[in-house]
Amino acid sequence: MAVVSSAHSSIFSKTSLFHHMNCFKRFSFCLPFSSSAAASLSTKKKWRQPVASSVVELCGIKIAKDDVVRDDPTNNIPDTIFSKLGMQLHRRNNHPLGILKNGIYEYFDTNYPNMFDKFDDLCPIVSVKQNFDDVLVPADHVSRSYNDTYYVDSQTVLRCHTSAHQAELLRRGHTHFLVTGDVYRRDSIDSTHYPVFHQMEGVRVFTPDNWEASCLDPTSYAAEDLKKSLEGLARHLFGAVEMRWIDAYFPFTNPSYELEIYFKEKWMEVLGCGVMEQEILKSNSRLNSVAWAFGLGLERLAMVLFDIPDIRLFWSIDERFTSQFSEGQMGVKFKTFSKYPPCYKDMSFWINESFTENNLCEVVRGVAGDLVEEVSLIDNFTNKKGMTSHCYRIAYRSMERSLTDEEINELQWNVREQVQNKLNVVLR
Ligand code: FA5
Ligand code: MG
């Protein structure tokens, strides 16, 4: 059976270019890179801080909302994203993401005792250099655009992958490490994509005595070890599950692969990985070495493991969700507590040159928050005058309650108004 893989490829697998970036002025502060494990937001009370709180503590540093969300062309961070900073779902031992993180730790601790250093509290605000340059992302790569990445200022971003920490950790002398953290991306909206999600990065460096005993060249040696380790991890987490390797492209690895798992009648991409580019090792004082690296999407794995149907649920504070998970309980199957039907609303408009789907999704999320389940393009045509019309279908659904017609109509009305005002498109 020919199965079509997920409609959205992830940004790092894209080779295509390019969204124009203007020249921006320098932001006034830069945060230190910190790995302080002590400075966490570890009390329940803090996790449930009111959304609009104007100060957040990240890695022991207090950050004001005004520093991160500014009305300035070099900044594209909305309130909804600020409100997620510092939540650190992956550090809650009773949360599916924390349970999964601990389960992955257990796999590495059992199979490679005392080998991997673990980091789960590195600051998500990083420099453009850390996020892109240090891992060889080309200057014109699409992932650098304001359309795909959240910029605090022209030199500072919310990390869009945990690979942002590879170089720094290598430089600090780490050769085996796991980095877990929240990552941020402007992206489309559906049940497996959310603008804030969690990744775990793994890196293992080999020295000649590792591969010399094998009859393989260093790259093949690392690639084989990588696939073996990740297949072992998948078996540890899932037991028997249908999976397949796909050849991929990342600027920082060669060869590169993605692992897909069959879930709810579709192949779902759960991780990217590969053999680290030599240049990264060399620039960070690791001569005569070879390394593998991987980046796991924790939500995607947790969806399979716990049978969680929608990525928004990870943010739910509804007791009917949270009470179903407890520390160390891997793979308990989630029981749906709501089967409220989605409500669909269509909107059509003439797009302009600067229109992008990510911008549309940001506007829709800004109005409807987690009540929006999916935004999909259902019609697209260009008329004789060369004007292009798009029709999008928005699915509204709450995970927790039924929505009234009145409420949905008001949301849709606001979405229409904001789409028109913020995106300068002409509604039809
Ligand atoms: C990366 O982010 C690479 N840094 C991974 C990597 C690391 C490759 C080290 C090689 C070496 P990618 O953009 O494909 O790759 O994202 C990795 C995983 O994050 C995906 O496989 C997917 O599981 C998850 N992911 C990506 N976008 C989203 C999203 N919007 N919501 C939820 N999960 C996502
Ligand atoms: Mg990918």
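We did not get these values from a lab; they are worked out from the coordinates using the rules stated. Model, not experiment: these values are computed from the prediction. Reconstructed Cβ throughout: ideal geometry from the backbone, glycine too, with neighbour counts over all protein chains shown.
Evaluated with a Cβ-only charge set (Lys, Arg +1; Asp, Glu -1), the chain carries a dipole of roughly 600 debye about its Cα centre, given to the nearest 20.
To the nearest 0.05, how large is the calculated FRET efficiency for Thr336 and Thr207 if R₀ is 41 Å and r is the Cβ-Cβ distance?
Working: r = 50 Å, r/R0 = 1.21.
According to the calculation, E is roughly 0.25.
Each other residue within a Cβ distance under 14 Å of Ala395 adds +1 if Lys or Arg and -1 if Asp or Glu, for a net charge of -1.
Mind sorting His174, His90 by how few other Cβ atoms lie within 10 Å of their own Cβ, fewest first? If you can, show how the numbers build up before the last one.
Values: His174 17, His90 23.
Result, fewest neighbours first: His174, His90.
Highest mean first, the peptides 254-264, 321-331, 378-388 sorted by other C-beta atoms within 10 Å per residue fall in the order 254-264, 321-331, 378-388.
Here region 336-370 is scanned for amide nitrogen atoms under 15 Å from the site 7 Å beyond the Cα of Glu410 along Cα-to-Cβ, giving 367-369.
Along the axis of the charge dipole computed for the chain (Cβ charges of +1 for Lys and Arg, -1 for Asp and Glu, origin at the Cα centre), the listed residues Met87, Asn380, Leu178 are led at the positive end by Met87. Extending 7 Å from Cα along the Cβ direction at Arg428 and again at Phe355 yields two label points whose distance is 0.9 nm. Only one residue of Phe325, Thr356, Tyr344 has its Cα farthest out toward the positive end of the dipole of region 318-357, where Lys and Arg carry +1 and Asp and Glu -1 on Cβ, and that residue is Phe325.
So, counting K/R as plus one and D/E as minus one, what does the shell of residues with Cβ under 15 Å around Tyr344 add up to?
-3
Determine how many Å³ per residue the convex hull of the Cα atoms of region 118-273 encloses.
Per residue, the Cα convex hull of region 118-273 comes to 137 Å³.
Can you give the net charge of the other residues whose Cβ lies under 13 Å from the Cβ of Arg186, counting K and R as +1 and D and E as -1? Working shown, then result.
Working: positive: Arg144, Arg185, Arg365; negative: Asp148, Asp187, Glu357, Glu362.
Overall, the nearby charge balance is -1.
Where the only charges are on Cβ atoms (+1 Lys, Arg; -1 Asp, Glu), what is the dipole of region 235-345 about its Cα centre, to the nearest 20 debye? Each step should come with its number before you reach the end.
Details: 13 positive and 14 negative charges, 52 e Å.
So the dipole magnitude of region 235-345 works out to roughly 240 debye.
Here's the picture: a label point sits 7 Å out from the Cα of Gln329 along the beta-carbon direction, and within region 99-117 the residues with their amide nitrogen under 17 Å of it are 99-103.
What percent does the relative contact order of region 343-427 come to when contacts are Cα pairs within less than 8 Å and at least six residues apart?
Details: 120 pairs, mean separation 36.4, N = 85.
The normalised contact order for region 343-427 reaches 43 percent.
Please find the FRET efficiency linking Asp318 to Gln278, where r is the Cβ-Cβ separation and R0 is fixed at 41 Å, and quote it to the nearest 0.05. Please report the intermediate quantities before stating the final value.
On the way: r = 49 Å, r/R0 = 1.18.
After rounding to 0.05, the efficiency reads 0.25.
Over the chain, Cα pairs under 8 Å with separation of 6+ residues give a relative contact order of 15 percent. Highest GNM mean-square fluctuation among Pro208, Pro218, Pro96, for the chain modelled with Cα contacts below 10 Å: Pro208.
Would you mind ranking Ser398, Ser163 so that the residue whose beta carbon has the fewest other beta carbons within 10 Å leads the list?
Working: Ser398 17, Ser163 30.
Ordered from fewest to most neighbouring Cβ atoms within 10 Å, Ser398, Ser163 come out as Ser398, Ser163.
Of all the options His198, His390, His161, the one that moves most in a Gaussian network model of the chain with Cα springs shorter than 10 angstrom is His390. Put simply, the Cα atoms of region 257-337 extend 54, 28, 20 Å along their principal axes, the longest span coming first.
The rule of thumb for compact globular proteins, 2.2 N^0.38 Å, goes into the C-alpha radius of gyration of the chain 0.99 times. Magnitude of the charge dipole for region 343-427, about its Cα centre and with charges confined to Cβ atoms of Lys, Arg (+1) and Asp, Glu (-1), is about 380 debye. Cβ crowding within 10 Å ranks Glu406, Glu277, Glu57 as Glu406, Glu57, Glu277, fewest other Cβ atoms first.
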